[in-house]
Structures are given as C-alpha cells and as structure tokens.
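Notes follow once the structure below has been shown.
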Amino acid sequence: MSILAECPSCRTRQSLRNKKCSCGEDLVKAKKSERVQYWISYRMPGGKQKHEKSGFSLEDAKASDGKRKAQKKENRILDIKPDDKTTFSILSKWFLGLEMNKSKAYYSTLTINLNSFNKVFGDMVVGQIRSADIEDYQMKRKAAGKSDSYVDQEVGAARSLINKAFVNGKISGDSLRAFKNVKKLLKRNSNARDRILSADEFNQLMNALPFHTRAIVATGYYTGMRKGEVLHLTWDKLDLKNRIISLEAPDTKDREPRTVPICDALYEILEKIPKAIHDKEVHKNRVFLFEGKPIRDIRTALVNACKKVGIPYGRGTKGGFIYHDTRHCFNTNMRKAGVPESVIMKITGHSTREMFLRYDSVDKDDKMQAVNKLDAYLAER
C-alpha cells in the first residue's frame, strides 16, 4: 500500500518523494498551498490494484492509508460493516464545524448545498443511504427546476462530507461506495457559458442595484474574482493605496495565492465603502456588509435589478445572466483590450488554458473584425 501525489497541472500520480513533476510543476510548492490531490493505492483480495482519492490533506491521506492497512490485516478491505447510529444531519454539523471548512471562500454555498441535502436525508442513517436514493434525489431536484450543475453541486457537497467522514473513521466503506457510484448529471464542458453584458446593460444594472450589492457585482465585473472570493473579502486583503487585492491560498478555489489589480472604475466604487466598526471576531473584518452583517448572497437583489432593466436572469433562461457571468465579462473585456492571455490567467486564477477559454467569449464583433483582418491581409498579398 502506498500514498500517491497527483500533479495539479498534468494530473500525473506519482511518488510522495518527488519534488518536481516531469511536466515542470514544483510539487513542494504545490503541496504547501494544498493544490496536490492525494491518492492511496492498494490491492484488493483478488489482486486487483485499487486507487482511492483521499483529498488535499497529506494528514488525511496518511490516516486513510493507515485505516486501509488495518482493514487489509483483518481481511476486510471495504469495511462493509454498516454504521447503525450516525445520521447525515449529525455528520453535516460536524463537517460544517471544521475550521478548514469555515475558512473557505465558498463556506456559505457549502452550507446551502448541505441544507438542501439534509431536507431529504438528514434523519437517515448514513449507512442506509443507497445510490438509488441519491439518484432519485437528483431527478426530483431537476423536476423542481434545478439545473444539472446546481444538482451536481449539492451532491458534490454531500460526497465531500462523506469522504471526509470516512477518512476520519466516522462511517464505513459501504456508505462511501454509495456516493462514489452516483454519476454527475452534467457532462464535461457542457455548462460552458457565453453570456456577456454589453456596456449599456452593465451600466443599467449598476444603476438598478442598491449600493451594497452594486459594489459586489462591480468587483466581479472589474476583477474576474469568483463570488465566494468577493463576498469573503476582508479589509486586510484590500490595499486601496496600492490598488491591489491580495488573495491567500485558503481564499481561492484552486488553493493558489494571487494578487488582483484594481482598475480606476472599481477604485471609485470601493473607496466609497465605509469601513464599518464591528466585532472583527464575528464578522472577520469583511468589506461587504449590510446592516452590520456580512452579505452571504445577492441573488434576490440581482434578480430584482435584472427584472427592473429587462435583463433575463437565470442559468436555465435563454440569454439569462447570473453573477458568475461577471467573470466571463472580465476575461472577454481583457482580451479585447489586448491583454495577453497569460496575464489574464494569472489575474483570474485559471490554471489551464482549457478552463480559461470557457470564460472567454467570442461575439459577432470579434468575428467581423477577424474577417476584416483577413480582407486586409488578402489585399496586401
């Protein structure tokens, strides 16, 4: 049995001892910023090689590896003895109470997703939840109007909880298998979006939004930051004097620290935000507050503003706009401004060109300019 480290760039699984991947990735640095996915490798009783994902924590991977070694010694590799006490709601409280989760930028989203799952499975003993039950949940959520990506996000949150609980010895392998067997609804790259706000639409939307949400939308539009990164922004990471936002590894989705420049238009908005006097321990010095409390989501305000100015809203609506599209707007506007692709990727935190291209939309003007350039080239030959 062994623990393998997966390179965050090329996804090659390799020995923990490797300091550098063959693709050039610095694995020592990647491990420190918790971007390396760990796997445990072992053989089943029949001789089949098994690779099991164990998260981004080496400590958890070692715990999981130790557990598998103990199981192998007792000839019970899958530990199929069901847990007859632990309910999903009990595990949810434990999982959401972990400091590593509380510090994540998407903690509020994680809570919402698990709350939805708890409405159906909260009182069920985890060992009694079967793959068929989860698949039935997926279909019912879709019937309720939720998109494939939204349902996948909910089930993904539950799966993360189950994986963490298993590694920490709180549930059996039988519970783990039920969640691993459920497939995602959304096919790879099928959720790529191309909704870009025109300059007029953006200005209309800004005027229709109340100030506390206007600043949040503007930050996404002018920086390409994700919603969780924006909502959890604190004053110590916002340097208006030098016009820089400094995000640390725990603040970002890819667990990689980065700096984001502040343009003039955004500076004029951010400098008007009052630095509220509040309990830093409770509100963690958040930039975006409403009535003294951290803003957790702006969906209602965004829906109302879009309705007011006639902009379709919603992932499932034709031409519909959602907050995440501000990231698409930033990427596309930067490219049109002539900023090199590599620089844009550094600002937005895209680790691969494939992901970057999903956020870079080509519109009719781009196509016409391309044809005009072709005409000019052919005329000069």
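Readers should treat all values here as calculations from the given coordinates under stated rules, not as data from a laboratory. Because the structure is a prediction, the values reported are computed rather than measured. For neighbour counting, all protein chains shown are included, and Cβ atoms are generated from backbone atoms with ideal geometry for every residue, glycine included.
Key figures
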{"item": "D (Stokes-Einstein, µm²/s), Kirkwood Cα radius, segment 130-177, 1.567 mPa s at 4 °C", "result": "112 µm²/s"}
{"item": "Extension gain (nm, one decimal) between S149 and E59, 0.36 nm per residue minus Cα-Cα", "result": "29.3 nm"}
{"item": "Separation of alpha-carbon centers, segment 288-336 and segment 142-159, rounded to whole Å", "result": "20 Å"}
{"item": "Rough spin-label spacing in nm, given labels placed 7 Å along Cα→Cβ, for S22 and R43", "result": "2.4 nm"}
{"item": "Pair E99, K29: separation of 7 Å Cα→Cβ label points (nm)", "result": "2.8 nm"}
{"item": "Residue exposure sequence - I262, I269, I216, I244 - by fewest surrounding Cβ within 10 Å", "result": "I244, I269, I262, I216"}
{"item": "Burial order of peptide ranges 25-33, 160-168 (average beta-carbon count within 10 Å, highest first)", "result": "160-168, 25-33"}
{"item": "Cα-only Debye scattering, segment 2-73: base-10 log of I(q)/I(0) at q = 0.13, 0.17 Å⁻¹", "result": "-0.37, -0.60"}
